[in-house]
Amino acid sequence: MILISWNIDSLNAALTGTSSRALLSRKVLETIIGHYPDAIALQETKLPSTGPTKKHLEILRDMFPDYEIVWNSSVEPARKGYAGTMFLYKNRLSPSVTFPQIGAPDTMDYEGRIITLEFEQFYLTQVYTPNAGEGLNRLEERQMWDRKYANYLVELDKKKPVIAAGDFNVAHKEIDLAHPDSNRQSAGFTDEERQGFTNLLEKGFTDTFRYLHGDVTGVYTWWAQRARTSKINNSGWRIDYWLVSNRIADRVIRSEMIDSGPRQDHTPILLEIDI
């Protein structure tokens, strides 16, 4: 299977926007289509609680004619048009679809952050992990989320192998961002968040990129939009991951970033696995 995950940062903008950034986003979608993936996981869709509009669905079905579409949007009491996830998967596949709540704090369970597809032999799940927030004001809740999410994956893993994708909002090690020393207290690189990711891996999961590529440096999945030269200078972070249960790590064929050209923010990540 070929699987692709991407934090799209507003599905509406990518599908209907007219800005230069929106045009770049559509080019990325075209690149994704060119890989003929079996499933596509999208995070930060920012859709209303009712999900994609009729126009969104028409555009998506035109772009992805052979795919089923499922989504999980932020609903009250969470903020509107916030977070959110979506799966597109080939219509020859027939997974069971769930939108899990994990007992997360605050409104996190209502922010559309997880979708899980259950297949006969494995689970395919995606996550948009909550950010620790401005001034780390959500760090405590984020730590609780990390524990709850790790436990959720463990429960899945007890039943069958797990493939987990998404924006985990953490650079795990110093080699996972360009400037570790100046980001010790930045959301996504605090000791607490890094330890949370370590704890997750120690429960039986493999970071497929590191599994295949070792300690290669300078390879990232996100470049800050606010810094105009962040991508040109490759001043990035690796915060998007494909994880798998340890027992199927040897089935991973490819785990790599997809070139998103000059578009800053997240780039898609691809996993090829013999499952």
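The values are calculated or read from the model by the stated rules, or taken from the named source; none is laboratory data. As the structure is a computational prediction, the values presented were derived from the model and not from experiment. Reconstructed Cβ throughout: ideal geometry from the backbone, glycine too, with neighbour counts over all protein chains shown.
So here's what we get for this one:
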quantity: Filter result (of a type in the set (D, E) and either at positive phi or buried (at least 16 other Cβ atoms within 10 Å of the Cβ) (or both)) within region 136-149; calculated: E141, D146
quantity: Meets criteria (of a type outside the set (D, E, K, R) and either buried (at least 23 other Cβ atoms within 10 Å of the Cβ) or at pLDDT below 95 (or both)) for Y128; calculated: yes
quantity: Odd one out for V219, checked against (1) at negative phi; (2) without any contact (Cβ under 8 Å) to a residue 60 or more places away in the chain; (3) more than 17 Å from the chain's Cα centre (by Cα); calculated: (3)
quantity: Condition met for T221 (of a type in the set (S, T, Y), farther than 29 Å from S20 by Cα and at pLDDT 95 or above); calculated: no
quantity: Residues of region 242-269 that turn out to be crowded, with 19+ Cβ neighbours inside 10 Å, assigned to a strand (DSSP E or B) and of a type outside the set (D, E), as a count; calculated: 8
quantity: Boolean, R226 is without any contact (Cβ under 8 Å) to a residue 40 or more places away in the chain and either more than 19 Å from the chain's Cα centre (by Cα) or surrounded by fewer than 21 Cβ atoms within 10 Å (Cβ to Cβ) (or both); calculated: yes
quantity: Selected residue (only one of I115, I102 is closer than 22 Å to L3 by Cα and surrounded by 15 or more Cβ atoms within 10 Å (Cβ to Cβ)); calculated: I115
quantity: Residue pairs meeting the criteria (Cβ under 6 Å; at least 6 apart or on separate chains; first more than 20 Å from H172 (Cα to Cα) and without any contact (Cβ under 8 Å) to a residue 60 or more places away in the chain, in region 243-259; second in a helix (DSSP H, G or I) and not aromatic (F, W, Y)); calculated: V252/T208
quantity: Qualifying residue in region 65-80 (condition: within 24 Å of F99 (Cα to Cα), out of contact with any helix residue (DSSP H, G or I) (no Cβ under 6 Å at 6 or more places or on another chain), in contact (Cβ under 8 Å) with a residue 60 or more places away in the chain and surrounded by fewer than 19 Cβ atoms within 10 Å (Cβ to Cβ)); calculated: no
quantity: Region 106-133, residues that are touching a residue at least 24 places away in the same chain (Cβ under 8 Å) and more than 19 Å from V154 (Cβ to Cβ); calculated: D106, T107, Y110, E111, G112, Y128, P130, N131, A132, G133
quantity: Of residues in region 150-204 being in a helix (DSSP H, G or I), surrounded by 17 or more Cβ atoms within 10 Å (Cβ to Cβ) and of a type in the set (D, E, K, R), the one farthest from the chain's Cα centre (by Cα); calculated: D157
